[in-house]
Structures are given as C-alpha cells and as structure tokens.
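The values are calculated or read from the model by the stated rules, or taken from the named source; none is laboratory data. These figures come from a predicted structure and were not determined experimentally. Cβ placement follows ideal geometry from the backbone for every residue including glycine, while neighbour counts extend to all protein chains displayed.
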Amino acid sequence: MTGSESFWPDNFEQLDVVPPAKILLEQAGALAKKTSGKLKMSVRTRTDSSGSESYITAVLRAQGVNYSYELLKLHHSLDFFPVNVYEIHGEEVKRSCDTEEAFKTTLKQILSGEKTRRVLAALIARVSEGAEEEPPF
C-alpha cells in the first residue's frame, strides 16, 4: 500500500468529559424553562486563531427588554480542563477548576449565589415593568 498508507491511529480516544460550553448551554435551557422564557442566558464562544484556546461568555437577557448582564467568562485550552472561571459581579473574580466536577460545583455556587439571585430578580422586575408600559405609538 505504497503512497496511500494511513499514518492515523485506527481508533480515536474520546474524552470522557462534557465541554464547559455544553454545560453552560444546559444551564441556559434550565433558566429559560424555570422563568417561562422571561430570562435567557446566551453563551458565546470564541476560539483563538490557532484553535488552542477558547473564550466563553455567558450573558443574561430579559425578554422584551433591551438589557443584558454579563454574568461570567470562561477560558480553557483544547482539552477543556483546567478551565478558568471569571465571575463578573462588579469585579472580576477568577476561579480555576481542574476537573468537570470542580467546574460544575463552581458554576452551581455562582448560579445559585446571592449576587446572581439579585441580578435575576432585577431582570424579572424589568420584564414585568416593560410589560405594563403602553407602547409609544
């Protein structure tokens, strides 16, 4: 088989982890469901030109209101872990997570934390406030 021999491995090992962006997207779906679509979390991913670094931003948005809130950012290499989590409540707080479980624990602390709870309540209030206003036409 001269000239057409494959040098690639016969099988590719699959990573036994869920990518951080997928975990965030699952939580985005849970937020939309929990708030009946009044609040949404968008997850934006940007990869550097070499493809070796990913930057992920999670932004909260209120339905029907032109308002958004940057909740957190993630940064990781091609292997996903470790992942650096930057919580953005007023000041950026960095947490490093070496494993998927550590990331899930950190994410749960941020999403269920008091600061996030206040942001969610304020966004829901904006949705309610906007719904009561008469259209300007």
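With respect to being under 12 Å from the mean Cα position of the chain (by Cα), closer than 16 Å to VAL119 by Cβ, modelled with pLDDT of 95 or more and surrounded by 12 or more Cβ atoms within 10 Å (Cβ to Cβ), LEU74 falls outside the description.
Looking at the stretch 20-89, the strands (runs of 3 or more DSSP E) lying wholly inside it that each contain 2 or more residues that are in contact with a Ser or Thr (Cβ under 9 Å, 6 or more places away or on another chain) and among the small types (Gly, Ala, Ser) sit at 53-62, 68-77.
Tell me, please, whether a residue that is of a type outside the set (Ser, Thr, Tyr), over 21 Å from THR99 (Cα atoms) and loosely packed, with under 10 Cβ neighbours inside 10 Å can be found in the stretch 12-26.
Restricting attention to the stretch 12-26, the residues satisfying the condition of being of a type outside the set (Ser, Thr, Tyr) are 12-26.
This time we only want the ones that are over 21 Å from THR99 (Cα atoms), so: 12.
Keeping just the survivors that are loosely packed, with under 10 Cβ neighbours inside 10 Å gives 12.
Looking through the stretch 12-26, at least one residue is of a type outside the set (Ser, Thr, Tyr), over 21 Å from THR99 (Cα atoms) and loosely packed, with under 10 Cβ neighbours inside 10 Å.
Applying the condition of being exposed (fewer than 13 other Cβ atoms within 10 Å of the Cβ) and modelled with pLDDT of 95 or more to the stretch 85-104 and asking which residue is farthest from SER128 (Cα to Cα) yields ASP98.
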